[in-house]
Amino acid sequence: MRETVKLISMEGFEFVIDREAAMVSQTIRSMLTSPGGFSESKEGVVTFPDISTTILEKICQYFYWSLQYSRGKETEFHIEPELTLELMMAANYLHT
């Protein structure tokens, strides 16, 4: 099993992140672990044609933040106000 996965934004920018971080998202977890030969589970690559590079970068940051702080010290995850709406829509899709 691959230790990293590649997430690709609508502009084609590639984020290579730890598989454990990507699994924070229920949607990505399903894509990567579903039986039935989905290309995402075989290749470890997930393309998001509706998520911009800026938003996907923030989502990747959140995945790592979630792993580090979800069970411990309370800390805030900073979100720039101008990203809020688009980030909420992406988070809803990704179930994060």
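Read-outs: derived from the displayed coordinates by stated rules, not from any lab. This one's a predicted model, so the numbers in the text were calculated from it and none came from an experiment. FYI the Cβ positions are ideal-geometry reconstructions off the backbone, even for glycines, and counts take in every protein chain you see.
Miscellaneous remarks
- Within segment 37-78, the set of residues being closer than 17 Å to residue 27 by Cβ, over 16 Å from the mean Cα position of the chain (by Cα) and among the hydroxyl-bearing types (Ser, Thr, Tyr) comprises 39 only.
- Residue list for segment 42-96, filter: among the β-branched types (Val, Ile, Thr) and farther than 15 Å from residue 17 by Cβ: 54, 75, 79, 84
- Only a single criterion out of (1) part of a helix (DSSP H, G or I); (2) surrounded by fewer than 17 Cβ atoms within 10 Å (Cβ to Cβ); (3) in contact with a helix residue (DSSP H, G or I) (Cβ under 9 Å, 6 or more places away or on another chain) is not satisfied by residue 62, namely (2).
- Of all residues in segment 65-96, those that are touching a Phe, Trp or Tyr at 6+ places or on another chain (Cβ under 9 Å) and not in a loop (DSSP other than H, G, I, E, B) total 8.
- Which listed residue is free of Cβ contacts under 8 Å to residues at least 60 places away in the same chain and surrounded by 12 or more Cβ atoms within 10 Å (Cβ to Cβ), from 3, 14: 14
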